[in-house]
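The numbers here are math on the coordinates, done by the rules we state, and not lab data. Nothing here was measured: the structure is a model prediction, and the numbers come from that model. Note: ideal-geometry Cβ built from the backbone for every residue, glycine included; neighbour counts use all protein chains shown.
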């Protein structure tokens, strides 16, 4: 019974944000419909079905714009000010921020999957992603590239500088290659895509 109750509360955590959002939007729609519909009928003698829904959409979009510009920017500036005051925290924060933006940001960095021969004797190869084609800024010879190797069953990885001639670019969707690596190679994404 205790486990079932735990599952119930876990389920509530999943549906509560969606349910609350739908409830709030419905109440705003009801309120606006109650205000605008009589005004339009009284003064303009017209009835436009769905006008309140359109108004709700634009009000929520306006709120999003205000939140992103007027509210979010000062908070970001404040957070960045405190981060700049703590050098060790700044290094950790910016590294994690850059890694996350490489996965989901506007400029995705993991867009070139590769197969790298990491052991010439045993022909051992690893899947990874080229992150830098030019590593000369590190004082490393020009025929090497930076390759990120994600770990399986984990959201971490290692960065290797390897000879470019040992790197074979793959003609595969980067997202599928990442899923394949993170799943430890057990996921069969070709079958899932064909369903």
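Of note:
- Order of 156, 136 - criterion: other Cβ atoms within 10 Å of each residue's Cβ, fewest first: 156, 136
- Label-to-label distance, nm, for residues given as residue 118 and residue 156 (7 Å Cα→Cβ offset): 1.5 nm
- Per-residue Cβ neighbour rank within 10 angstrom, fewest leading, 137, 178: 137, 178
- Between the C-alpha center of the range 1-56 and that of the range 129-167 there is a gap of 50 Å.
- Normalised convex hull volume, the range 2-85, alpha-carbon set, Å³ per residue: 138 Å³
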